[in-house]
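In what follows, a structure is listed as structure tokens, so that the remarks can point back to it.
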Amino acid sequence: MRAMPPPGSRVVFYSRFSSSRQKQTSIEGQERLCVHYAAEKQWVEVNRFSDAEKSGTTTMGRAGLFEMMASAERAEFDVLLVEDIDRTSRDAADMHKIAKDLDELDIVICTVANGVVTDIELAFKAVQNKEFIKQTVFKSKRGQELAVSEGRMSGSIPYGYRKVHKLDAKGEPINGLREVDAKKKAIVIRIHTEFDAGRSTLEICAGLNADGISGPKGKDWRPGALLGNRHGGIGILRNPIYIGEYHFRKTSRRRRKGRMKTRFTAQSERMITQHPELAIIDQDLWDRNQARLAENVDRPFHTKRKVEYVFTGKVSCGVCGSSCIVSDGKYVCTGRQQKGICSNPRRVPREAVETSIFDRIKVHVLNTAVAGPALIAFREEVERARADHAARAESQAARLKEVDQQVANLMVQLRGAGETSFASQLLLEELERVGAEKRRLEQQARRAAPPPPVSGDVKAIIGSISATLDDLHQALQVDDAEAARAKELLRGLITRIVLEPKPGSVVDGRGAGDITVTVEGPMAALIDLAGLDVDRVAKDGHRPMFGLDNATYVWAFSYPLLWRDPRLATVRADLPILARLLDEADVPVSMAGMAKALADAGPTAGPDADRSPEQRARNAVAYLQAQGFTRCVNLRGPDTGYVWNDRGLSDAEWKARIAEPPMTHTIPVMRLVPPEAVVVVVGPPRSDDAE
């Protein structure tokens, strides 16, 4: 045992308090005791060190302790004075290490309570502090569980709620009370509704930031605030508090190598209480969003990309079976474009395919011959589903009554058992099992019954479906939540689209040519549109009304899609003008001369006639050159131009004409070329037998 340091010894003070619930005056009080004790011993104070709001169970993050140990290494003091030894550490290993290091530096540890610290006192205090920590943790958890069982909450306040300030009968504040924040409630509903409408979390955050709405911490919104963690049930899209369900013990903490490690607990380890008054989101909306979140859990990264077009991922090539993607606004085969294994050069405009499919569905599927029998079958199926739901609901209600009685009986038995008895433990385990069954039955009871079958005659229902289909197609034109939800609904109508070159058709150099489109889809998804209110899609979302299996009734049809490059139509409209110009020309016609003639003639009726005269001239000349009707006479100057191949003059003769004076009299019209016309016959292919 070391002797008490003599008067004149250099002394430093070390003070600490553990949490923010304590006050800074705790350190001041400890230092005041140290000053008084040092004055009694006639020691000379050389420094003071402290750590505020730092736990004694670890040395991590305790800057004051590290500074004190560094000062000891520099031999700046002889005595370390603390109020009690637990101020240095409450961990046995850390406490012994600090004492050992100071002893090697010939520094004495003294406490205001007991003077010089001995080895026996150090060992006893280490065991005492360890047990103190265990008891503190146990009592804290017990108090938190009691508060949760009384309807209060522990931990931080989730976004959308605020703390309730209330006093008990003794005038003491009641902690853990929450209520809905009306302003933030609207934001939570907006986030869930837009996510249900098909928008990505990045788009939702961008919209909130653009509207000047602050995030949970007062900063900009980020996807992490919405997604949280799927194991922990945190994040605005995953926290069950938004349906009135509070989960306690979602995490557990364990210290490892001086650091506190946090892990998410299993569902069975959590304590769950119901708070219907705190529910913000409807159960149906919540279930749909959880289903969408679950879809992204184990999918490969490339499949998680946002669906850009209504039929993305559903279109394939009829030649090689590869998928078709949109490139420059047109569907192209990836087998040809990216792999070089396909002979299909077709490039078909996406909008033309989408529009034709919706139009053909109304013609080939939405008629009494095809949809009529399906509607009758679905009505029968819906009636059976409603009857089954009613029977299950009655059985579940009876079982729920029994479970409620079991819970009440267990609670009575639990009150009579001791807190630490073996019987109490068994009763708690049984109560947890029965409680889990009760929550499952209550969740099933909240499920709504299938709606009644669509009323009205077959023609009226088909007309309603057709009108809804038009409304959804029109909703795609706007880039908002309604368009995103409409896109998801329309995607559900189609399972497969195959684009195949039409046999015997000609394809031009740009991939334009006739194709055969084959479309397949579930009849249930179409009939489901009969009960859809399109105006409420973006607000409330939509889910299948009948819950019928999409595979029970499938439709499929094929049709020809006649596609020509619109630039060719403009070229054909411009050819008569340029042909007349070439017929009347005594010298080669330059590109500028052709563009001027087209500009003077005005726009044509072609679908691509909004192009500039220069572009139209280049396209027309390219067509004439490719067909071999014209050739270029290169004069290396502004007179370079084009002439008919059948004029019978060589390039040298054309060049000679350039030097001749121009003719002044009017040349009569020698030949007129009428616009070309294409006649397309659409119908079933004629077999050889029909000939």
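The values are calculated or read from the model by the stated rules, or taken from the named source; none is laboratory data. Quick caveat: nothing in here was measured; it's all calculated off a predicted structure. Every residue, glycine as well, gets a Cβ built from its backbone with ideal geometry; the counts of neighbours run over all protein chains shown.
Tell me, which residue of region 374-421 that is touching a helix residue (DSSP H, G or I) at 6+ places or on another chain (Cβ under 7 Å) and farther than 30 Å from Glu442 by Cβ is surrounded by the fewest Cβ atoms within 10 Å (Cβ to Cβ)?
Gly418
Please determine whether any residue of region 78-94 is more than 24 Å from Val127 (Cβ to Cβ), surrounded by fewer than 22 Cβ atoms within 10 Å (Cβ to Cβ) and at pLDDT 90 or above.
Pass one, region 78-94, residues more than 24 Å from Val127 (Cβ to Cβ): 78-79.
From the residues that got through so far, the ones that are surrounded by fewer than 22 Cβ atoms within 10 Å (Cβ to Cβ) too are 78.
Filter once more, so that each one left must be at pLDDT 90 or above: 78.
Among the residues of region 78-94, at least one is more than 24 Å from Val127 (Cβ to Cβ), surrounded by fewer than 22 Cβ atoms within 10 Å (Cβ to Cβ) and at pLDDT 90 or above, which makes the answer yes.
Contact list please: Cβ distance under 6 Å, first residue in region 611-636 and under 15 Å from Leu582 (Cβ atoms) and in the same structural domain as Ala579 (by TED's automatic domain parsing), second residue of a type outside the set (A, V, I, L, M) and surrounded by fewer than 16 Cβ atoms within 10 Å (Cβ to Cβ), pairs at least six apart or on different chains.
Arg631/Asn645; Val633/Asp651
Condition first: at pLDDT 85 or above and either farther than 30 Å from Arg496 by Cα or touching a Pro at 6+ places or on another chain (Cβ under 6 Å) (or both). Can you find one or more residues in region 599-611 that meet it?
yes
Within region 206-247, which residues are within 30 Å of Glu269 (Cα to Cα) and either in a strand (DSSP E or B) or polar (S, T, N, Q) (or both)?
Within region 206-247, Asn229, Ile234, Asn239, Glu245, Tyr246, His247 qualify.
Among (1) over 30 Å from Arg238 (Cβ atoms); (2) touching a helix residue (DSSP H, G or I) at 6+ places or on another chain (Cβ under 9 Å), there is one condition Tyr161 misses while meeting the rest; what is its number?
Single failed check for Tyr161: (1).
Give the residue that is farthest from Glu145 (Cα to Cα), with candidates limited to residues of region 170-196 that are at pLDDT below 85 and among the small types (Gly, Ala, Ser).
Per the criteria, the residue is Gly171.
With the condition kept exactly as written, say whether any residue in region 642-650 is modelled with pLDDT under 60, touching a Lys or Arg at 6+ places or on another chain (Cβ under 9 Å) and in a loop (DSSP other than H, G, I, E, B).
no
What is the residue count in region 323-345 for residues that are closer than 19 Å to Ser558 by Cβ and in a loop (DSSP other than H, G, I, E, B)?
Going through region 323-345 one residue at a time, the tally reaches 1.
Mind listing just one residue for me: the one in region 358-373 that is touching a Ser or Thr at 6+ places or on another chain (Cβ under 9 Å) and in a helix (DSSP H, G or I) and, of those, surrounded by the most Cβ atoms within 10 Å (Cβ to Cβ)?
Ranking the candidates gives Ile361 first.
Is it the case, given these coordinates, that Arg447 is closer than 30 Å to Ser149 by Cβ, surrounded by 12 or more Cβ atoms within 10 Å (Cβ to Cβ) and modelled with pLDDT under 80? Walk me through how you get there before you give the answer.
On the way: closer than 30 Å to Ser149 by Cβ: yes; surrounded by 12 or more Cβ atoms within 10 Å (Cβ to Cβ): yes; modelled with pLDDT under 80: yes.
Spelling it out, Arg447 is indeed closer than 30 Å to Ser149 by Cβ, surrounded by 12 or more Cβ atoms within 10 Å (Cβ to Cβ) and modelled with pLDDT under 80.
If you go through region 98-112, how many residues are surrounded by 13 or more Cβ atoms within 10 Å (Cβ to Cβ) and not β-branched (Val, Ile, Thr)?
Adding up the residues that qualify gives 6.
Pairs please, first residue from region 644-656 and under 13 Å from Val587 (Cβ atoms), second anywhere and β-branched (Val, Ile, Thr), Cβ atoms under 9 Å, 6+ apart in sequence or on different chains.
Short answer, once both residue conditions are applied: Trp644/Thr630; Leu649/Val643; Asp651/Val633; Asp651/Val643; Trp654/Val587; Trp654/Val633; Trp654/Val643; Lys655/Val633.
Of all residues in region 148-186, count the ones that are surrounded by 13 or more Cβ atoms within 10 Å (Cβ to Cβ), assigned to a helix (DSSP H, G or I) and not assigned by TED's automatic domain parsing to the domain that holds Pro216.
The qualifying residues number 1.
Considering Gly504, Gly463, Gly511, which residue is surrounded by fewer than 18 Cβ atoms within 10 Å (Cβ to Cβ), small (Gly, Ala, Ser), at positive phi and modelled with pLDDT of 70 or more?
Gly504
If you go through region 194-205 one residue at a time, do you hit one that is of a type in the set (S, T, N, Q), in a helix (DSSP H, G or I) and touching a residue at least 40 places away in the same chain (Cβ under 8 Å)?
no
So Glu67 fits all but one of (1) farther than 24 Å from Pro6 by Cα; (2) surrounded by fewer than 15 Cβ atoms within 10 Å (Cβ to Cβ); (3) modelled with pLDDT of 90 or more; what number is the exception?
It fails just one condition, (2).
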